[in-house]
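Shown next, in structure tokens, is the structure this report addresses.
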Amino acid sequence: MKLSTIAIALTLSVAATQSFAKDVRLKPVDNNIETQACLTAATEGYGASLRFIRNNGFNAEEFSASVRCNGESLRTFAFMYKNNEETVNAKTVALVAKNQNAASQACLEALTIGKDAALAKFGLEGENIICNRQKISDFVRQYSAENVVVRTTAE
């Protein structure tokens, strides 16, 4: 019983951490050079923070090696927030089938269930299916990393 309670608590804490990561607001505690370098790293990137450090008369390598931003190195801190920003600002792509034929429907279905399953569902074969002027496999690869919303022509 204890083991399952620990597993549930761990799962909930991980889920809470992941949802929190999308809503991060940075609030500097003070206005010292270290805080400003960390804030610059998070908002503008690692390179911008190094330029900021140099522009304020410090050796960027020594400064970067000695400063911690919320327990992380300047480089790691910049990377963490850059990835968070990309996740939050990810664009959404709306796709609409131009017509209702099996090939068009297979193209859209392939984005959710995979190319092979979509082709089988609509009784189609091979790479000769064209979606947005590209092979179906290339179409699926292009949109697999995007937030895709499939709409009907009525919408």
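Listing for the model above:
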quantity	calculated
Non-local Lys pairs in the range 31-138, i.e. 8 or more apart or on different chains, that have alpha carbons under 19 Å apart	5
Net lengthening on full extension, residue 44/residue 95 (0.36 nm per residue, minus Cα-Cα)	15.2 nm
Counted charge near residue 106, where neighbours are those whose Cβ lies closer than 11 Å (Asp, Glu -1; Lys, Arg +1)	-1
Length added when fully stretched, residue 55-residue 142, from 0.36 nm per residue minus Cα-Cα	27.2 nm
Estimated dipole of the range 35-85 in Debye, rounded to 20 [Cβ of Lys and Arg +1, of Asp and Glu -1, Cα centre]	40 debye
Extension gain from residue 121 to residue 134, taking 0.36 nm per residue of separation minus the Cα-Cα distance	2.7 nm
Nonlocal amide H pairs with residue 148, under 5 Å, H built at 1.01 Å	93
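Taken together, the values in this text are just the output of simple stated rules run on the coordinates, not laboratory data. Bear in mind that the values here come from a model prediction, so they are computed numbers and not experimental data. Virtual Cβ from ideal backbone geometry, glycine too; neighbours counted across all protein chains shown.
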